Amino acid sequence: KGKTYNSQKPIATIQIEGYEKPIKIELDPQSAPNAVANFIKLANNGFYTNFKMSIKENEILGNESMEKAKLSNIMEYPQTDYVYGIKGDFLANKVENLIKHKKGVITMERDDYSYFGLYEEGYNSANCNFAILTKDSENYNGYYAGFGEVIEGMDVLEAISATRVETTSNDNNDDNSNSDVNTITIKSITVDTFGIDYGLPTVVNYEENMNKINNLYSQYMNGSSVNSSNVTE
């Protein structure tokens, strides 16, 4: 009596084709509000139905070839519809997210344009793609938005990781010929928010940023000087 309880954190249930038992992930809106709000909207709007993921050495990662989400995937009737990026919830982007990238953590995938000196554009480029870590990945800490961790179904994650087959391909650009062996399909993701509305993520226009990057890349390939410092992290 008289006690006050913190709100229940949202729980994502991931159902994977071929596995009866789901993976359940407790999301952390305090540490990564943008990543969590974005993931909830996409999941509960059905975006991740039949979503393909690749089994990598350290993680299960959404296929980069998958179509990116647009504003209409997370909000009703946007004034203009475009591919968006969310503001990155991590220390390098001045957000106090202290989640460590250990096994079982879910994290947002993003682009990296630091070569062109465009750090902010890369930091705010996460869209729909995410990874679930199957090994600790300390090099992600502070530079990627971890936003939750597995609370049930770690055995499913380990079983998926154990199916990974080493493939050799001379053509790195054409991964599709032998990558099916290392691909899983997410049948569905649903998130129970326990009645709480986590709102919309803070977004930027990904398409505009990509045009900027492509122009710089074209200049670089044509031998022109790039008007940014070519510094890598």
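The values are calculated or read from the model by the stated rules, or taken from the named source; none is laboratory data. Not measured: the values here are computed from a predicted model. Glycine also receives a Cβ, built like all others from the backbone with ideal geometry; neighbour counts cover every protein chain displayed. Quick note on the areas: whole protein, heavy atoms, side chains included, nothing else; ligands and nucleic acids left out. Shrake-Rupley method; radii C 1.70, N 1.55, O 1.52, S 1.80 Å.
Here are a few things to note about the model shown:
- For the stretch 103-117, a residue qualifies if it is within 18 Å of ALA12 (Cα to Cα) and open to solvent by 10 Å² or more (accessible area, probe 1.4 Å), and the qualifying residues are LYS103, GLU109.
- Of all residues in the stretch 1-43, those satisfying the criterion of being in a loop (DSSP other than H, G, I, E, B), at pLDDT 95 or above and open to solvent by 10 Å² or more (accessible area, probe 1.4 Å) are LYS9, GLU17, GLY18, TYR19, GLU20, LYS21, PRO22, ASP28, PRO29, GLN30, SER31.
- Answer from GLU120, GLU138, GLU158 - the residue that is without any contact (Cβ under 8 Å) to a residue 60 or more places away in the chain, more than 30 Å from THR202 (Cβ to Cβ) and surrounded by fewer than 17 Cβ atoms within 10 Å (Cβ to Cβ): GLU158
- Among residues of the stretch 38-62 that are on the phi < 0 side of the Ramachandran plot, those with a Cβ under 6 angstrom from a residue that is part of a loop (DSSP other than H, G, I, E, B) and of a type in the set (Lys, Arg), sequence gap 6+ or separate chain, pair up as ILE55/ARG164; ASN58/LYS135.
- The number of residues in the stretch 180-228 being open to solvent by less than 40 Å² (accessible area, probe 1.4 Å), at pLDDT 95 or above and more than 22 Å from GLN15 (Cα to Cα) comes to 4.
- On the stretch given as the stretch 121-144, residues that are assigned to a loop (DSSP other than H, G, I, E, B) and out of contact with any Gly (no Cβ under 9 Å at 6 or more places or on another chain) total 5.
- Unmet criterion (only one of (1) at pLDDT 95 or above; (2) touching a helix residue (DSSP H, G or I) at 6+ places or on another chain (Cβ under 6 Å); (3) open to solvent by less than 70 Å² (accessible area, probe 1.4 Å)) for LYS87: (3)
- Qualifying residue in the stretch 69-88 (condition: under 25 Å from ILE16 (Cα atoms), charged (D, E, K, R) and in contact with a Lys or Arg (Cβ under 8 Å, 6 or more places away or on another chain)): no
- Residue-level check: of (1) of a type outside the set (D, E, K, R); (2) modelled with pLDDT of 95 or more; (3) in a helix (DSSP H, G or I), TYR115 misses just (2).
- Some residue of the stretch 69-81 being within 28 Å of ASN182 (Cα to Cα), of a type in the set (A, V, I, L, M, F, W, C) and in a loop (DSSP other than H, G, I, E, B): yes
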